[in-house]
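Quick notes on the structure that follows.
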Amino acid sequence: MPPAARALHFASLGSGSKGNATLVSDGETHLLIDCGFGLRDTERRLARLGLHPKQLAAVLVTHEHGDHIGGVGALARRHGMPVYLTPGTWLSGRLKEVPRHEWITPQAMLAIGGIEIMPVTVPHDAREPVQFHLSAHGRRLGVVTDLGHPSAHVIQAFAGCDALILECNHDRQMLADGPYPPRLKRRVGGDWGHLSNPQAATLLAGVGLDRLQRIVCSHLSEHNNRPELALEALVPLLDGDESRLVVAAQDQGLDWQTIR
Ligand SMILES: [Zn+2]
Ligand SMILES: [Zn+2]
């Protein structure tokens, strides 16, 4: 069921180092943010959420890492929707020919249908990475994964959201003890890599929880994190209202969430 109600809706096709894709909808316009899955897999995951690819108004790309851009080209060539990305992401060469692409300028608002989108620069080891603050029907969603630390710019940009898709990439001890080679451990744990669970908690406290109806733990590392460790880091901030907190999984993603 693609949601029809006039509200802000979102869902995840899947989240983690093997592929990411997020749906955002105002009930009429449906956008896909990133696509790290193969064409058939993406079509199957969209169908699970009640959508056909032809119903997507656009695909927005955050950055050129394969778990975000890997499936974008095939999807756009097969189904013809425009791809929005920064010049830096385009210049990475990771996206081959697509029928139409449009530039994203960081910190400059754009609108697609009734959805307003603010691309926000994040500290991550890609050419010109952004994440997105989206609004529709007076409700605000922050999508903030793939960043090495909760910078002041990011905290300010995502303050006061009604829902937040938040990277909880790794537990520091599991990363230190885990199977990654030392260079990769330094990259993931560094200031231009990915957020640890306590860093996610710092970001969450910084943006404020007063309006937050839904917090989605996302981009969990298969090797270096467990859902219960991510939840454990965030629960102390929730004043006992843990029902606001959910996890987006690599295989199952997350079903439609509606913010009114
Ligand atoms: Zn990623
Ligand atoms: Zn990345």
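Computed from the coordinates by the stated procedures, all read-outs in this text should not be read as laboratory data. Predicted, not measured: the structure shown is a model, and the values here were computed from it. Heads up, the Cβs are rebuilt from the backbone with ideal geometry, glycines too, and the neighbour counts pull from every protein chain shown.
What distance in nm separates the simple spin-label points at Ala159 and Trp256, each placed 7 Å from Cα in the Cβ direction?
The two pseudo-label positions are separated by 3.4 nm.
Please give the charge dipole size of the chain, origin at the Cα centre, charges +1 on K and R Cβ atoms and -1 on D and E Cβ atoms. Round to the nearest 20 debye.
Roughly 640 debye for the chain.
Could you calculate the contour length gain from Leu184 to Glu97, that is, 0.36 nm times the residue separation minus the distance between their Cα atoms, to one decimal place in nm?
Numbers: separation 87, 0.36 × 87 = 31.32 nm, distance 3.07 nm.
In short, 28.2 nm is gained.
Give the percent of DSSP beta bridges with both residues in the chain that are antiparallel, rounded to the nearest 5.
Once the DSSP bridges in the chain are tallied, antiparallel ones form about 55 percent.
Report relative contact order for region 50-155 in percent, whole number only (criteria: Cα-Cα under 8 Å, sequence separation at least 6).
Here the relative contact order equals 21 percent.
Net charge near Leu237: determine it from the other residues with C-beta under 12 Å of the C-beta of Leu237, scoring Lys and Arg +1 and Asp and Glu -1. Show your work: numbers first, answer last.
Values: positive: Arg244; negative: Asp210, Glu232, Asp239, Asp241, Glu242.
Local charge sum for Leu237: -4.
Within 10 Å of each candidate Cβ there may be at most 16 other Cβ atoms; applying that plus a DSSP loop requirement, which chymotrypsin sites (Phe, Trp or Tyr not before Pro) in region 131-204 survive?
Passing both the DSSP loop test and the Cβ count: Trp192.
Tell me the label-point distance for the pair Glu228, Asp210, using the 7 Å Cα-to-Cβ offset, in nm and rounded to one decimal.
3.6
Taking the dipole about the Cα centre of the chain, with the C-beta of Lys and Arg at +1 and of Asp and Glu at -1, give me whichever of Ala201, Ala163, Thr145 is farthest to the positive side.
The Cα lying farthest towards the positive end belongs to Thr145.
Sticking with the crude label model, points 7 Å out along Cα→Cβ, report the distance from Asp177 to Asp191 in nm, one decimal please.
Placing both labels 7 Å along Cα→Cβ, they lie 2.9 nm apart.
Remind me, relative contact order of the chain in percent, using alpha carbon pairs under 8 angstrom and six or more residues apart?
Over the chain, the number comes to 20 percent.
Add +1 for every Lys or Arg and -1 for every Asp or Glu among the other residues with Cβ under 14 Å from the Cβ of Cys168, and state the total.
Counting the neighbours of Cys168, the net charge comes to -4.
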